1. Are there any pairs, at least 6 apart or on different chains, whose C-beta atoms fall under 7 Å, with the first in the range 19-37 and within 28 Å of Ala111 (Cα to Cα) and the second of a type in the set (Ser, Thr, Tyr) and within 12 Å of the ligand (Cβ to nearest atom), and if so, which?
2. Of all residues in the range 267-307, which are at pLDDT below 55 and not hydrophobic (A, V, I, L, M, F, W, C)?
3. Scanning the range 182-239 for residues that are of a type in the set (A, V, I, L, M) and within 13 Å of the ligand (Cβ to nearest atom), which turns out farthest from Thr282 (Cα to Cα)?
4. Determine the pairs where a residue that is at negative phi, located within the range 228-243, has a partner that is acidic (Asp, Glu) with Cβ atoms under 6 Å apart, the partner being 6 or more residues away or on another chain.
5. Could you look through the range 340-359, keep only residues that are more than 20 Å from Ile167 (Cα to Cα) and open to solvent by 10 Å² or more (accessible area, probe 1.4 Å), and pick out the one that is farthest from the ligand (Cβ to nearest atom)?
6. Restricting the search to the range 32-45, which residues are open to solvent by 10 Å² or more (accessible area, probe 1.4 Å) and either aliphatic (A, V, I, L, M) or more than 17 Å from Ser188 (Cα to Cα) (or both)?
7. Just the residues that are open to solvent by 20 Å² or more (accessible area, probe 1.4 Å), assigned to a loop (DSSP other than H, G, I, E, B) and touching a helix residue (DSSP H, G or I) at 6+ places or on another chain (Cβ under 9 Å), please, taken from the range 86-109.
8. Kindly provide the set of residues from the range 176-193 that are under 25 Å from Val322 (Cβ atoms) and either buried (at least 22 other Cβ atoms within 10 Å of the Cβ) or among the hydrophobic types (A, V, I, L, M, F, W, C) (or both), ordered by number.
Amino acid sequence: MRAAELFRARFGGTPDGVWLAPGRANLMGEHTDYNDGYVLPFALGQGVTAAAARRPGRVLTLCSRQEPAGTVEIALDGLAPGRVTGWAAYPAGVAWTLEAAGHRVPGGCVAIDSDLPAGAGLSSSAALECAIALALTSIGGLDIPRGELVTLARRAENDFVGVPTGIMDQSASLLSQAGHALLLDCRSLETSQVPFDPAAAGAGLLLVNTRAKHELTDGEYGRRRAECEEAARRLGVPSLRYLTDPADLDRLDDPVLRRRARHVVTDNQRVLDVVGLLNAATGALLAPGGTTPPSPPATSTYHEIGRLLAQAHVSLRDDFEVSWPEADVAVEAALAAGAFGARMIGGGFGGSVLALVPAPDGSPSEGPVRDAVTGAFAGRGWTAPEFLAAVPAASARRLDT
Ligand code: GLA
């Protein structure tokens, strides 16, 4: 409960509560969210915590254990994009979108802590937005449905911070369930929980933070998004989601746009394929009334999912061109060392790789895949990667203090 300690040290007194919002990994569906497509992320055990208390007045005072420079004061009146920059733009943006949606944000003090590596492509920004959204709405007595909070947190990032991200990260942080991946249809915004418990089948999820810092604000992300929109425009569809047959893309003369669109169309299908495999393996499709007890997925399911992960990496590397050298080396080393599959996750150009690995003793972060990736990085003189075992966890929540 380090956020509460920080609160006491910086502000004195006891916070009204402490809220945790998790980061996310994404099993399948990359750069599909802003194309109205499908994504299948899951929440991580790691996240951002915010210890908060209401205070009279119209000022939010923030501090963060990861930003030792001191406290930041945000005047709630007259808040507008551009007025707050740096890390505090994320919390300020949440306050701004809440007010713009007609909710009165209370003044208060908020102490923030995170155990998510920043810049690792694990959605530390969305986790910060979602932790603040929960903290502010809770201390302000605002009762806002989760689905609406997702939209507001995303708007903070798009319209206040100015990064044109999709809706996956905030959805994963606010809507996930432990032991499940979250299937989100980004066109209808319908969600469903897909049972996802690799440990039950002797498999595990290993995140490799390649330590190549990922920056969404550097323009490449926005460029990919614009290319997808241009491809859809030339093909006469509202978004690439409306296409399912890669052969339809032959009508695109531009080879770059054709590759971008092919990634999106094939990745949407891979999401549905993974969902089909997981649902079939747990018996969910066979037991709509819940009469047949679900059985844990067999290892063969994970072999199949692994194959799709490896395919997705090739698609992100060659068609969407958002991978980076450390990710390619980590994926290659992981596959050679016996991973079922591996791929880069998130926006790209830095961040993390997700590997699905055999873990008969329940510890995916130990073993041959870790050793192989470590060796491959050392052999190139690169900074050693960081490994995290990922377990599909619960969504943002209040912690007991
Ligand atoms: C970032 C964005 C998401 C999504 C991914 C790529 O994480 O925040 O909205 O577009 O990149 O799948």
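The values are calculated or read from the model by the stated rules, or taken from the named source; none is laboratory data. Keep in mind that this is a model prediction, so the values were computed, not measured. Here the Cβ positions follow ideal geometry from the backbone for every residue, glycine too, while neighbour counts run over all protein chains shown. These area figures cover heavy atoms from the full protein model, side chains too; ligands, DNA and RNA do not enter into them. Shrake-Rupley method; radii C 1.70, N 1.55, O 1.52, S 1.80 Å.
1. Final answer for the pair search is Ala21/Ser173; Pro22/Ser173; Gly23/Ser123; Gly23/Ser124; Arg24/Ser123; Arg24/Ser173.
2. Pro288, Gly289, Gly290, Thr291, Thr292, Pro293, Pro294
3. Leu216
4. From the range 228-243, the pairs are Ser239/Asp36; Arg241/Asp36.
5. Pro358
6. Matches in the range 32-45: Gly45 only.
7. Of everything in the range 86-109, those that are open to solvent by 20 Å² or more (accessible area, probe 1.4 Å), assigned to a loop (DSSP other than H, G, I, E, B) and touching a helix residue (DSSP H, G or I) at 6+ places or on another chain (Cβ under 9 Å) turn out to be Ala101, His103, Arg104.
8. Ser176, Ala181, Leu182, Leu183, Leu184, Cys186, Leu189 - these are the residues of the range 176-193 that are under 25 Å from Val322 (Cβ atoms) and either buried (at least 22 other Cβ atoms within 10 Å of the Cβ) or among the hydrophobic types (A, V, I, L, M, F, W, C) (or both).
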